[in-house]
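Nothing in this text is a laboratory measurement; each read-out follows from the coordinates by a stated rule. Here the structure is a predicted model, which means the values were calculated and not measured. So basically every Cβ, Gly included, is an ideal-geometry build from the backbone, and we count neighbours across all protein chains shown.
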């Protein structure tokens, strides 16, 4: 039970324990990344080389970016399976923009990409929050529809790299001091959202909704609007992902981003965001993406056949979920102890 | 926005001047049922005021009107002498009234402080949440309540007691002046109750009013200055606590002729059906032993949270028991296996009809059949005909009022829902029926029917183990009464020995000689 | 391993096909009468007009294939027939099956298909053959019997020439790797086989790894990066697939330091590679004209359907502007095939002259 | 004893009631709604048939019927166990990967000289094991099924990839591979469709006729009440996943023979089609509602629609859009009455008010 005023400061110990557990998720992932990194480096020193580190970061950036948005949605007890398709659509539209109008300002490209994404997200959000269609279904349908629309527009065309301005390509490729701009940009965004998720009331509402939807509604939280916004942000980030995609590859075909959805969800879950909402951090999700990417790259670097990639990812995913469950059970027990009263 | 101190007033008893909150002849009906016939009460700053009465006396309706959940049909509500009408909960909250429910609904994943300030978190520049200040404020509130809950810990895993404290803290942060506590101690251990009382005293000391609803009379004597008793939706009396005795209160609570209302008059007692031997569940109850014979009704009495339902569930196998044995007609039951218990002839009518008793979306027929699916099947197929017959048959025997058997049960009234649950189990012709709160939330008419039904059952040689929070029901129906107090069997009373006083005293732990 | 089982397969499908035709014969509503006469009659005569040829690319969004299909359309226009392009959205065998069935339903005269899987399409194609439809495969071959393979260029030449191309640039020494498309792509694997043979002639060149980018830019990039990490002193990369080489080129063009060490060549579309050739990232790469490939396939199909030649080794047919072609005898896994011609090598001098 | 994991303590019980409004709302219309949706499906089916007929005389006649069936067979088969699972309120996204793993194993074992029968038996066993893995993780460890099966989706496919790499196995016995080119003798029905119809009858009887079926509905509607009525909630769920594994393995076998080829990437991405099919069949993602008939009808609609569109050479991109739109409609349409029902529900419940009744936005992905 909670100590009466003059009782020994049980909570302090408990709190420290709790906070550490709170961070444990992120720390755990960081640790995992480090371990994978070190082990691989031992097998192949080149893995620690500047270039490959640069590749690690760049390679994880897109998924991390999408993961950040997905995290918001999942925290609110929903899911967004359409991110991959949205990325594809935005990427291609931006590509054609450059192809058809030479010398359009790069800023416009970002506006277009993000705008398209946000629009898709808004539709998802409305269908979910207003029409009350389960987000799993809504975004599954959106996955089909948006992909179909993209393919329809593309129909076998491929953006000519020549038409993508070099300055724009630098965003996706150049680096400062071995840190790719891509990674810097994504890191800034992730850290920013992570901060916002701790710091602003609407963001906290998302946690409340995911934690206990009815109580949230009772407490006067505008659940519908919040969820819509979450989907919009997820969409917008996917759209931004599209912009970065084309700036990196300078060319797009209709398959861009297909299959990302499960990859992103996997990263988010590995990153410690509870699949049923209420807890988890954007930072964790991003780290999850980095971990997955580090592993797949390590496999190649360690000259393990790429054929092992999937199996290992899958096993890791299961391990992560189980580990989460284990931790949360432990924490709950600890919290009960700290809270004291046995409740039958 | 720091919680500001309510205007400090002398923490006296009944004061001069208009009461802080007053209700006069407030009435409320639901369809035909009149839930509140005369809601009258006056609450003054700095007092803790007990509202006592049996279940169905109208307490919770009165509370919900105060909370703005219901709008009264008649009568007036006054605050500081001014008549008011609460459009909704928000209005009542704005007026400084806040309700602390038995099980608060918190956000398990948010910190305690955020649970208190959700949507109202103190802001720094740029609409940023000022976490330091939020935690400081929360800590300050707790300090004022004289408790230390870590504001930074998540609400997940808080004991019910602590959850209530958090709710109270939330209320204070809303500048509440009247704290309505609906059975707050029901699920608390004595230590926690003590701490809650500390909090109540503090609140009084700071000039707030506390409306304290409880079945535990002695608690009223411990912390309340005045007592208002209600019965059958009507105001009975308001007196300073000094002017009252337990018996006096119980009399005015029960205050009606019990005989006649309850048909059961005892019946020939047969073979032992259920033998419970020193069963226990760690932290919930321990060392419970008793026997139920064919043709008798045994009641488990005690306060909410004394462990009555938990014992029943452990017997049926919903919860695993840690120690002891349960035997039904000589057959040992393994712990945690409801299927075996059912096979052995136990039927279990659970406390929570909506969550546990019925599948609300299924039809009457499917719900009645749910526990008998296999005996309704031939060659592994459910025979629709016999299923329908079973439901129709029991519908008739229980005088069930339904439109179509296929209609989902949530379309039925509480009483009829309860009949469906009974039908589900009786259709299995159990040799022992465990029935938890047989008539909770049921209109008086159906109540009587259920009681008659139970009587018929025991007459036909079925053994019944009944749990009820309603003293009159316990006294009226039971052949023997086993009184639990904080997870222990403290007293066994025969129908002859039992009266309100003896049961209440045992249930509230004022034991004069526990059972051997 | 495919070879070993190949024989049995053929018998299998043959019987299956026979059974189908019997069934077809006894069920009145789907006898392939629509096409039989055109197949049987005017043997030796010119190409029939009004032929319908189904082009079934790997998927409807594959840029390379889209160009090839255009070529096919031109061919059939010349011959007074029409082309229907039909396939799935992702390049799997399962996605191509409905298209084949549609062709059968429409009593098409011929199918021109780029197989997503060498063997998995055979049951369906067997049905097509049984329904009297001539089957021509191009770009990526299938292992089924009774079909003609239009080879973009002699498989062996492609494989060997790319190694030679690279060898010239890295003067015959250093570690090299291959960035391929799907691990299951027949054409890729066939070429890689010959690359390995050719490499035996270059003792100082060592093939250290073969990675698969599934013709997806993102995947290709990831495996490429892994490759560079795993083999720090990699000298050269051969990417015999248009998506792979363009992705690699894009990456190198953005990382001059790496480009300085690593030489890239392979098979790519001039339109895609122009930029990188001009900025010096890539010195030279090879390809044939996919448009011509489709054009040739179209003519072959039309001629087969008209019975002007039977597709057996040694038989000849006229392919419009491309002139006359002779069917080569089966060799190894490849059945009777026609070769478009030697691949063109593109470099600064000529890359801008091509519009595909 | 897994059963005791059903939440029964106050706090957990509270947790289980999340998203309840939707469930309650659905309640009133349980059967009627279901019938109504199946009616919608019948209309859709007729419409797509008329459309098909109008565009091609061959539509759904003779060999075309055979082709149509061939293309939906395996998907439809995998949809059957998934229907059960979704009705209990869970989900299984690993179905297609199990198909791929089965195909791979069948190939490898056959290549290593196993008799085809032995190989198939082994594959089915592996299917059961894979399902059991899902089941244990979900019912014993209490992990969310969507997360678990996303994990096994990757894992199973990965294992298949390790086993067969880029190889493929061909040369299965003609008698078997002929199912890819020959209908059941004397009919125009593909073998996979035959198997599907057979299973559909069995599954239909089980779901709508037997205690097990009734229990499955009860679990999906209100697991706690089901448990209090003596239904072994966790155990049933576990065996459903095992069943799903076996059936998907069976689908894998059929797939392998149909293509006369075993490859690790067999059926990649089909899971979404299967889920779409189940939802299109009117099975509620929240559990508790749905019927085998609906799923069968949905399979027919999907099959004939796609066939018709392919016949007239509608771009496959457009076909995807149609499928997606259809999917949305299939859930949105039943939801419209739910909004009304939600109101009716509150009126009904106001007679007996209960704390915490609120229209919480039904925001669980919790299927």
Using the Cα atoms as the points, what is the convex hull volume per residue of the stretch B:372-481 in Å³?
109
Could you tell me whether chain A comes out rounded, prolate or oblate from its Cα gyration tensor? Rule is a ≥ b ≥ c as square roots of the eigenvalues, rounded for a/c under 1.5, then prolate if a/b exceeds b/c, otherwise oblate.
oblate
Quick one: Kirkwood hydrodynamic radius for the stretch C:155-287, alpha-carbon pairs, angstrom, one decimal?
14.2
Checking the a/c ratio against 1.5 first, then a/b against b/c, what shape does the Cα gyration tensor give for the stretch A:97-220?
oblate
Quick check on the stretch B:447-516: take the gyration tensor over C-alpha atoms, sort the square-rooted eigenvalues as a ≥ b ≥ c, and tell me if it's rounded (a/c under 1.5), prolate or oblate.
prolate
Alpha-carbon centroid distance for the pair the stretch B:163-205 / the stretch B:42-83, whole angstrom:
18
Please give the FRET efficiency for residue B:389 paired with residue A:131, using the beta carbon to beta carbon distance and R0 = 51 Å, rounded to the nearest 0.05.
0.75
Mind pulling the angle between the C-alpha long axis of helix B:384-397 and the longest principal axis of chain B? Nearest 10 degrees, somewhere in 0 to 90.
70
Just need the relative contact order of chain A here, percent rounded to a whole number, with Cα pairs under 8 Å and 6+ apart.
34
Volume per residue (Å³) of the convex hull spanned by the alpha carbons of the stretch C:75-213 is 126
Rank these for me by crowding, A:160, C:69, B:436, D:92, going from fewest to most other beta carbons within 10 Å.
A:160, B:436, C:69, D:92
How far is the Cα center of the stretch D:238-266 from the Cα center of the stretch A:130-195, in Å?
35
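Contact order normalised by length for the stretch C:112-184, with contacts defined as Cα pairs under 8 Å and 6 or more residues apart; what percent is it? All intermediate terms of the calculation are to be shown ahead of the outcome.
Numbers: 63 pairs, mean separation 18.6, N = 73.
It comes to 26 percent, rounded to a whole number.
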Can you tell me the convex hull volume per residue for the protein assembly as shown, based on C-alpha atoms, in Å³ to the nearest whole number?
178
Just for the protein assembly as shown, what percent of DSSP beta bridges are antiparallel, to the closest 5?
45
Relative to the first principal axis of the alpha-carbon coordinates of chain C, what is the inclination of helix C:63-78, with its axis defined by its Cα atoms, in degrees from 0 to 90 and to the nearest 10?
40
Quick check of the Kirkwood formula: for the stretch D:36-347, what is the inverse mean of 1/r over all pairs of different Cα atoms, in Å?
20.1
Dmax and Rg, reported as Rg then Dmax, of chain C (C-alpha, Å)
21.0, 70
Measuring from centroid to centroid over Cα atoms, what is the spacing of the stretch B:225-243 and the stretch B:330-389 in Å?
44
Before rounding to the nearest 500, sum -39500 (n - 2.57) across all DSSP H runs of length at least 4 in the protein assembly as shown and divide by the residue total; then give [θ] at 222 nm in deg cm²/dmol.
-17000 deg cm²/dmol
Using only alpha carbon pairs under 8 Å that are at least six residues apart, calculate the relative contact order of the stretch C:155-287 and give it in whole percent.
27
Over the Cα atoms of the stretch B:16-76, each weighted equally, I'd like the Debye log10 I(q)/I(0) at q = 0.30 Å⁻¹, rounded to two decimals.
-1.40
If neighbour count is taken as other Cβ atoms inside 10 Å, put A:227, D:189, B:149 in order from fewest to most.
D:189, B:149, A:227
Between 0 and 90°, nearest 10: helix C:155-169 axis offset from chain C longest Cα axis:
10
One quarter of the C-alpha convex hull surface, i.e. the mean projected area of chain B in nm², amounts to 26.2
Footprinting exposure proxy for C:209, B:403 (fewest neighbouring C-beta atoms within 10 Å first):
B:403, C:209
Among beta bridges that DSSP assigns inside the stretch B:90-219, antiparallel share in %, nearest 5:
25
